[in-house]
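Each remark here refers to the structure printed beneath this line.
The values are calculated or read from the model by the stated rules, or taken from the named source; none is laboratory data. Computed from a predicted structure; not experimentally measured. Cβ sites come from the backbone with ideal geometry, for glycine too, and all protein chains shown count toward neighbours.
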Amino acid sequence: MVTPTSLFLLRFTVEEDCNALLRYGHTNYKGAIFIFKRCLVGHALRSMNFDGAYLWIQVEGLPVHYNSVSIASRALSKIGRVLCFDNESLDPPIRGAHRAKVWISLNRPLIPGFYFEYEKGSFEWVDFRYEGVFVLCRVCGKIGHKEKYCKLCPQKRSREF
């Protein structure tokens, strides 16, 4: 949740420094995600949207015969909007992972993975690995705090998932 005390305004004297930071998009510091956006002249900070970010996500564990970009893309589209795949992951080795840049909502829990049904009644667990996300609550799936600091009461936790 964005509050007035959770916003930082950075000023750059060198335009290329600003552009480099904007190309990166976000960073992580002590579990919090810092989202970098350009504040245009005449726009108020409260009109800027910080509800989502592009994250690099790896899809790991697809069965060999189903380890394709199209299947990875379909799976990732369930959690966000796929922007692109890393060129090196377009044709991964047999045990490799597909890596894609995906726009995700930071207001929703991150999904750790899914069961992939490769035959009727046969499932394999497939992991989503979120790059740059180091502090993730296993109770609510949100970024920025651990289980012992989660504010969801036990009753609400069971309804969330």
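If you go through the range 78-116 and pick out every residue that is closer than 30 Å to L152 by Cβ and modelled with pLDDT of 90 or more, you end up with 15. Scanning the range 90-139 for residues that are of a type in the set (A, V, I, L, M, F, W, C), buried (at least 17 other Cβ atoms within 10 Å of the Cβ) and more than 12 Å from the chain's Cα centre (by Cα) returns A97, F114, F116, V126, C137, V139.
Sort out which residues of the range 36-72 are polar (S, T, N, Q) and either under 14 Å from the mean Cα position of the chain (by Cα) or more than 30 Å from F116 (Cβ to Cβ) (or both), and write them in order of number. Even if it seems obvious, please write down each step before you answer.
Within the range 36-72, the subset polar (S, T, N, Q) is 47, 49, 58, 67-68, 70.
Correct list: S47, N49, Q58.
All conditions in (1) part of a helix (DSSP H, G or I); (2) loosely packed, with under 14 Cβ neighbours inside 10 Å hold for S73, with the sole exception of (2).
Looking across the range 36-50, the residues that are at pLDDT 85 or above and in contact with a Leu (Cβ under 7 Å, 6 or more places away or on another chain) come down to F36, R38. The lone criterion from (1) within 30 Å of E147 (Cβ to Cβ); (2) of a type outside the set (V, I, T); (3) part of a loop (DSSP other than H, G, I, E, B) left unmet by L10 is number (1). Tell me whether the range 23-31 contains one or more residues that are touching a Lys or Arg at 6+ places or on another chain (Cβ under 7 Å) and part of a loop (DSSP other than H, G, I, E, B). Within the range 23-31, none of the residues are touching a Lys or Arg at 6+ places or on another chain (Cβ under 7 Å) and part of a loop (DSSP other than H, G, I, E, B). Given the structure, is N19 surrounded by 10 or more Cβ atoms within 10 Å (Cβ to Cβ), out of contact with any Lys or Arg (no Cβ under 6 Å at 6 or more places or on another chain), of a type in the set (S, T, N, Q) and assigned to a helix (DSSP H, G or I)? Judged against the criteria, N19 is a match. When the range 76-88 is limited to residues that are in contact (Cβ under 8 Å) with a residue 24 or more places away in the chain and surrounded by 14 or more Cβ atoms within 10 Å (Cβ to Cβ), the one that is farthest from F50 (Cα to Cα) turns out to be D86.
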